[in-house]
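Here's the structure, in structure tokens; my notes come after.
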Amino acid sequence: MRKNIFFIVFIILCAVSCTEKKSNFINTVHLKGQLLDMGSQNVRMRFDGAASMLGDSRDILLKTDAAGYFDTTFVLKEPTYYTISRNTLYLTPGDDMTIKVTQTNTEAEFSGIGAEANNYMKFRLFPKGGSYLEAGGNLRGDFVSTKALVDSLAAIRMHTLDTLSNVSDAFKKLETARIKADIINSYICYASYSRMFAEVKNEEEMRAKWNEFNVSLTQDVTPLYKEIVNEDMLNVAVVRDVLSYQEDSTLASLWFKDISIPARTTELYACAKIVDNLRNEASEQTVNEAKAFLQTVKNADFATEIEGKIVQASKLLPGQPAIDFEMLDVEGNVKHLADFKGKVIYIDLWATWCGPCIQESPAFEALGKKYVGKDIVFLPVSTDTTTKPWLRYLDGHKKELTQYHSNDVALKESWAIMYIPRFILIDKDFNIVNAYAPRPSSEEIGTLIDSVLNK
């Protein structure tokens with residue numbers, strides 16, 4: 001009898017142990033492999049669900065060796081999207097994959113548990129390129145012909161999705177919503193890529209032409225919108241993109257007429273406005289407005305991100321200590337922002353692909369000449385993903401100022417660099433004067449610099 005009791009207890013303990021191991025397993029994701037041409041050995045894998053519109057608390061930092069190899073395991077409670085550079089990944093608890101990722105999404109390689117979904121994701125479209133329009137490459141002579149091509153490409157994509165056998169129904173629903181949202185985005189972007197405004201003579205005519213086009217789209221986009229207005233579909237980036245049009249009162253009355261917008265969706269876009277204010281200007285007013293708004297937020301994941309942005313913006317207020325970061329000069333020598341403490345510092349954050357940045361560069365160089373001999377240093381800092389395009393650009397463009405490049409996480413994250421060009425002014429005591437300083441081409445920058453130098 002005692003032996004039987006011991007045996008039963010042993011079986012129960014084994015079952016509990018196995019259950020615990022299984023639970024631990026299904027709540028984790030194991031990724032290993034190689035990340036190439038990422039510009040840093042610390043590569044951010046960005047959360048791409050709904051709350052990513054507001055913040056980055058769920059991002060995961062992948063630490064690689066010098067050749068880009070990494071091996072990591074992390075907890076994941078539910079399936080969700082992440083991005084690495086231009087690659088979108090769909091990760092599910094229990095995934096165990098070997099991956100090879102570059103900045104070109106179609107070159108990615110996936111094997112192991114979870115690979116089928118991610119090999120499908122390699123060919124996801126880019127909303128900023130007009131989705132199926134592919135930056136105008138698939139444009140046809142008129143909208144009707146272009147629409148026909150878009151619809152046929154979407155049908156092919158839908159067929160490919162239907163043939164997947166080792167993915168969940170939830171994944172197929174999300175990706176079906178992505179296809180429909182990409183169709184909507186393609187239709188809308190036709191106006192931007194086509195020559196429909198080529199003969200417009202003034203702003204009034206342009207507005208009339210634009211309104212006419214939007215009215216004509218209603219019959220095509222409204223049925224599609226009805227199929228993707230679902231809180232779960234907010235986890236798909238392009239769905240969030242096209243749903244943003246419901247924030248425009250005119251378009252809302254056209255495309256979203258008789259469509260009920262879910263409360264979570266409405267709150268997401270309200271939260272996004274508050275976060276945008278914090279990202280565009282760190283001031284006592286924007287911080288206090290965000291704190292007041294936070295008290296009304298009902299979705300916990302949204303509230304978490306807003307709290308993080310309030311903390312971030314508070315550290316960028318005038319008078320706060322400047323946040324140090326690492327950079328390289330053209331010879332590859334390491335410098336730190338703090339190395340320039342004792343001088344006023346005016347920073348130009350730019351990139352070779354950024355047109356407005358290039359336009360501001362001569363004005364920044366001119367300011368450097370104007371203040372030669374003064375207690376101020378001008379730091380042009382490239383934020384290009386790698387040093388290659390930066391160095392190539394400098395080979396063809398002579399610069400008088402010492403040039404720097406940085407991919408330091410402390411720069412992009414702590415200074416909240418969400419757009420460029422971005423300019424920062426720091427005083428001699430290494431305190432922030434303005435984390436969103438005026439452009440070098442503006443009239444007010446000289447006055448501001450003079451006031452700081454004369455303190």
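In nm, what is the difference between 0.36 nm times the number of residues separating Ala363 and Ala198 and their Cα-Cα distance?
Working: separation 165, 0.36 × 165 = 59.40 nm, distance 3.21 nm.
That works out to 56.2 nm of additional length.
Per residue, how much accessible area does the chain have with a 1.4 Å probe, in Å²? Write down the numbers at each step before the final one.
Working: 23100 Å² over 455 residues.
On a per-residue basis, the chain sits at 51 Å².
Looking at the range 134-261, how many pairs of lysines come closer than 27 Å at the Cα, when each pair is eight or more places apart or spans two chains?
Lysine pair count for the range 134-261: 18.
Kindly give the semi-axes, whole Å and largest first, of the ellipsoid equivalent to the range 134-261, taking each as the square root of 5 times a Cα gyration tensor eigenvalue. Don't jump to the answer; show the numbers that get you there.
Details: eigenvalues 157, 71, 21 Å².
Largest first, the range 134-261 gives 28, 19, 10 Å.
Apply 1/(1 + (r/R0)^6) to the Cβ-Cβ distance of Gln285 and Glu212, taking R0 = 45 Å, and write down the FRET efficiency to the nearest 0.05.
0.70
HN-Hα J couplings of the range 184-201 from phi, Karplus 6.51/-1.76/1.60, θ = phi - 60°, integer Hz, Gly and Pro as x?
Coupling constants for the range 184-201: 4, 4, 5, 4, 5, 6, 3, 4, 6, 8, 7, 9, 5, 9, 4, 9, 5, 8 Hz.
For the range 386-455 and the range 152-185, what is the centre-to-centre distance using only Cα atoms, to the nearest Å?
Rounded to whole Å, the Cα centres lie 43 Å apart.
Between Arg264 and Val75, what is the spin-label point distance in nm, taking each point 7 Å from the Cα along the Cα→C-beta axis?
Taking the two extended label points, one gets 2.1 nm.
Under unit Cβ charges (Lys, Arg +1; Asp, Glu -1), what dipole magnitude, rounded to 20 debye, does the chain have relative to its Cα centre?
So the magnitude is around 800 debye.
Ignoring GluC sites (Glu not before Pro) that are buried or in helix or strand per DSSP, and keeping those with at most 13 other beta carbon atoms within 10 Å, what is the longest stretch of the chain between them? Before the final figure, lay out the partial values.
Working: sites that count: Glu199, Glu331, Glu400, Glu443.
My reading of the result: 1-198 is the longest stretch.
Take the solvent-accessible surface of the protein heavy atoms, probe 1.4 Å, and return the percent of it on the chain that carbon and sulfur atoms account for. Intermediate values should be presented prior to the final figure.
Details: 11980 of 23100 Å².
With neighbouring chains kept in place, the figure for the chain is 52 percent.
Put +1 on the Cβ of each Lys and Arg and -1 on the Cβ of each Asp and Glu in the range 334-415; which of Leu379, Leu367, Val409 then has its Cα farthest toward the positive end of the dipole?
It is Leu367, whose Cα lies furthest towards the positive end.
Identify all lysines with a Cα-Cα distance to Lys341 below 16 Å; exclude those on the same chain that are fewer than 8 residues away in sequence.
Here the lysines satisfying the reach criterion relative to Lys341 are Lys374, Lys428, Lys455.
Please list, or write none, the lysines whose alpha carbon is within less than 18 Å of the alpha carbon of Lys298, excluding same-chain residues fewer than 8 places away.
Hits, sequence-local ones excluded: Lys273, Lys309.
So which trypsin sites (Lys or Arg not before Pro) in the range 248-313 end up in coil per DSSP with only 15 or fewer other C-beta atoms within 10 Å? Present the calculation step by step, with values, prior to reporting the outcome.
Values: sites: Lys257, Arg264, Lys273, Arg279, Lys291, Lys298, Lys309; in loops: Lys257, Lys298.
Sparse-neighbourhood loop trypsin sites (Lys or Arg not before Pro): Lys257, Lys298.
Rounded to the nearest 0.05, what FRET efficiency do Gln103 and Gln320 give with R0 = 25 Å and r taken as the Cβ-Cβ distance? Could you check? Mind showing how you got there, number by number?
On the way: r = 34 Å, r/R0 = 1.36.
Result of the calculation: an efficiency of 0.15.
Could you give the dipole magnitude of the range 265-315 about its Cα centre, charging the beta-carbon of Lys and Arg +1 and that of Asp and Glu -1, in debye to the nearest 20?
Computed charge dipole of the range 265-315: roughly 40 debye.
Kindly write out, for the range 416-422 in residue order, the coupling ³J(HN,Hα) from the Karplus curve 6.51 cos²θ - 1.76 cosθ + 1.60 (θ = phi - 60°), rounded to whole Hz, with x marking Gly and Pro.
6, 7, 9, 7, 9, x, 9
Using the crude model of +1 on Lys and Arg Cβ and -1 on Asp and Glu Cβ, and no other charge, please compute the dipole size for the range 28-122 relative to its Cα centre, in debye to 20. Walk me through the numbers on the way to the answer.
Working: 9 positive and 12 negative charges, 34 e Å.
It comes to approximately 160 debye.
The values are calculated or read from the model by the stated rules, or taken from the named source; none is laboratory data. What you are looking at is a predicted structure, and each value in this text was computed from that prediction instead of being measured. With ideal geometry, Cβ positions are generated from the backbone for all residues, glycine too; neighbour counts draw on all protein chains shown. The accessibility values were calculated without ligands, DNA or RNA, using every heavy atom of the protein model including side chains. Shrake-Rupley method; radii C 1.70, N 1.55, O 1.52, S 1.80 Å.
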